[in-house]
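A.B. asks: This is the structure I want to talk about, given as structure tokens.
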Amino acid sequence: TICGAEQHIVIIEEDMHAEGLVLGANTVADCKAELNTAEMYVVIKNINGVTLADSDLVGTGATITYYDRTTNAEVKTVTVVLYGDVDGDGLVGMADKDTVMLKAVGAAEIENVWFLQAADANRDGVVDAFDAALINLQIANRYPIVQKIG
């Protein structure tokens, strides 16, 4: 699961994104439980900048902002990438697969950099039919998309 005894959310410093969320266990409350520390707390907002409720799902494009508990000063902000979630709803569904397939055949573009990164579900550097197939397998619960490297 995303949040529990093990650290699952991984912050990738080179482009300041977070990965490793697990579908079905990616609520704001789950993420806060894993990321809050004695020194820092986090605030999670959706792609439109609206603070999410603890019961909301965290999806691609959401931001996690770390604050110092002593000073309340902002420390850093990272953006969430949930591979396969190209609409930011925190789920991987048919709309995501359809968007990826349209991109793969050149019938649509994915403008948002984070959605484009999430569309590359197998992380081979290109959005293609293989990504759509992987998303389809995730939807069918036949093969989970690996959400973190390592």
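A.B. asks: What are the principal axis extents of the Cα atoms in the chain, in Å, biggest first?
C.D. replies: So the three principal-axis extents are 51, 29, 27 Å.
A.B. asks: Also, I was wondering about something else. So how far apart, in nm, are the two label points at residue 124 and residue 12 if each is 7 Å from Cα heading toward Cβ?
C.D. replies: With each label placed 7 Å out from Cα toward Cβ, I get 1.7 nm.
A.B. asks: Next up: Taking the Cα centre as origin and putting +1 on Lys and Arg beta-carbons and -1 on Asp and Glu beta-carbons, what dipole magnitude results for the chain, to the nearest 20 debye?
C.D. replies: Dipole magnitude for the chain comes out near 240 debye.
A.B. asks: Once you place label points 7 Å from the Cα toward the Cβ at residue 137 and residue 112, how far apart are they in nm?
C.D. replies: Taking the simple label geometry, residue 137 and residue 112 are separated by 2.6 nm.
A.B. asks: Something else: If you take the square roots of the eigenvalues of the alpha-carbon gyration tensor of the range 86-150 and sort them as a ≥ b ≥ c, do you get rounded (a/c under 1.5), prolate (a/b over b/c) or oblate?
C.D. replies: rounded
A.B. asks: Tell me, what is the percent relative contact order of the chain, built from C-alpha pairs under 8 Å that lie six or more residues apart?
C.D. replies: The value is 20 percent.
A.B. asks: Further question on the same structure: Spin-label point model (7 Å from Cα, Cβ direction): what's the residue 71 to residue 51 distance in nm?
C.D. replies: Once both label points are built, they end up 2.1 nm from each other.
A.B. asks: Here's another thing I want to ask about it. Given H placed on each backbone N at 1.01 Å, which residues far from residue 75 in sequence or on other chains put an amide H within less than 5 Å of it?
C.D. replies: Distant-sequence amide H within range of residue 75: 66, 67, 68.
A.B. asks: Now for a separate question. Within the range 35-115, report the GluC sites (Glu not before Pro) that DSSP leaves as loop and that have at most 12 other Cβ atoms within 10 Å.
C.D. replies: Sparse-neighbourhood loop GluC sites (Glu not before Pro): 39, 109, 111.
A.B. asks: Give me the accessible area per residue for the range 1-110, probe 1.4 Å, as a whole number in Å².
C.D. replies: On a per-residue basis, 47 Å².
A.B. asks: OK, next. Please report how far the C-alpha centroid of the range 79-106 lies from that of the range 127-147, rounded to the nearest whole angstrom.
C.D. replies: So the two Cα centres are separated by 10 Å.
A.B. asks: Related question: Going by accessible area, probe 1.4 Å, with all protein chains left in place, what is the ranking of 52, 82, largest first?
C.D. replies: Most to least solvent-accessible, the answer reads 52, 82.
The values are calculated or read from the model by the stated rules, or taken from the named source; none is laboratory data. Because the structure is a prediction, the values reported are computed rather than measured. As a convention, Cβ positions derive from the backbone with ideal geometry for all residues, glycine included, and neighbour counts pool all protein chains shown. In case anyone asks, the SASA skips ligands and DNA or RNA and just uses the protein heavy atoms, side chains included. Shrake-Rupley method; radii C 1.70, N 1.55, O 1.52, S 1.80 Å.
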